[in-house]
Amino acid sequence: MKTRIFTALLALIVTGAFATTNPIKKEIKIKESTITWTGKKVVGSHSGTVNLKEGTLIMEGDQLVGGEFVVDMTSLVTTDDLGDSKKSLEGHLKSDDFFGVNKFPTATFTITGAAKSGDGYSVAGDMTIKGITQSIKVHMTMNGNTASTKLSIDRTKHGIRYGSSSFIDGLKDKAINNEFELVVNLTF
């Protein structure tokens, strides 16, 4: 009798240890998702948008376990009311001084780990901009078929040093902050 009970318990433990759910890829609805950016400098700031090219979240049951997002850097625009200067600023941001979109038309974020945390997830991932990958952590909230996060990225870690007082002396009021902010709202 003891042997049967032990065998039954062992079978349950082994079955439970090897039972897995099939991960499900949830495609991001590109046209319904948004990414807004803000870059600050000593005497002001600029804001705009950039589009997702493609993206997926990977779920096991109701738990986030992975994902990847590709951003179309050629879609970068400013939403500032700059008049004739709007095209000039957009061109400069797309140039090699900043994102070099001719050589690097996309940027990517790949989720390498996610753990439930409060009202969402603590997400670790690899951000690649201009061919340079840096590990970052963000907090992502999920509600139904939406996910959102706000994050800061240090552009200098991706080789973007233009106007950075960390690398260029004497910029005074022409200095541009090293970090820029992204607000990401995803629909899937």
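Divided by 2.2 N^0.38 Å, where N counts the residues, the Cα radius of gyration of the chain comes to 1.35.
Could you state the accessible area per residue of the chain in Å², with a 1.4 Å probe and every protein chain left in place? Can you show the working numbers first?
Working: 11340 Å² over 188 residues.
Using a 1.4 Å probe on heavy atoms only, each residue of the chain averages 60 Å².
Our note on the geometry: Cα centres of the stretch 111-188 and the stretch 18-80, 11 Å apart. Spatially close Lys pairs in the stretch 55-188, defined by Cα atoms under 22 Å apart and a spacing of eight or more places or different chains, total 19. Largest GNM mean-square fluctuation across F98, F167, F109, computed for the chain with C-alpha springs under 10 Å, falls on F167. Between the beta carbons of Q134 and E60, assuming R0 = 30 Å, the FRET efficiency works out to 0.70 to the nearest 0.05. Each label was represented as a point 7 Å from its Cα along the Cα-to-Cβ direction; for K116 and I168 these points are 4.9 nm apart.
Axis of helix 2-18 versus longest Cα principal axis of the chain: the two differ by about 20°, to the nearest ten degrees. Which residue fluctuates most in the GNM of the chain (Cα springs below 10 Å): N51, N22, N102? Comparing N51, N22, N102 in the GNM, the peak value goes to N22. Only helical DSSP H runs with n ≥ 4 go in: add -39500 (n - 2.57) per run for the chain, normalise by residue count and round the 222 nm mean residue ellipticity to 500 deg cm²/dmol. Estimated from H runs of four or more residues: -4500 deg cm²/dmol.
Largest GNM mean-square fluctuation among A175, A107, A124, using the chain with Cα springs under 10 Å: A175.
The values are calculated or read from the model by the stated rules, or taken from the named source; none is laboratory data. Keep in mind that this is a model prediction, so the values were computed, not measured. FYI the Cβ positions are ideal-geometry reconstructions off the backbone, even for glycines, and counts take in every protein chain you see. SASA here: full protein model, heavy atoms, side chains in, ligands and nucleic acids out. Shrake-Rupley method; radii C 1.70, N 1.55, O 1.52, S 1.80 Å.
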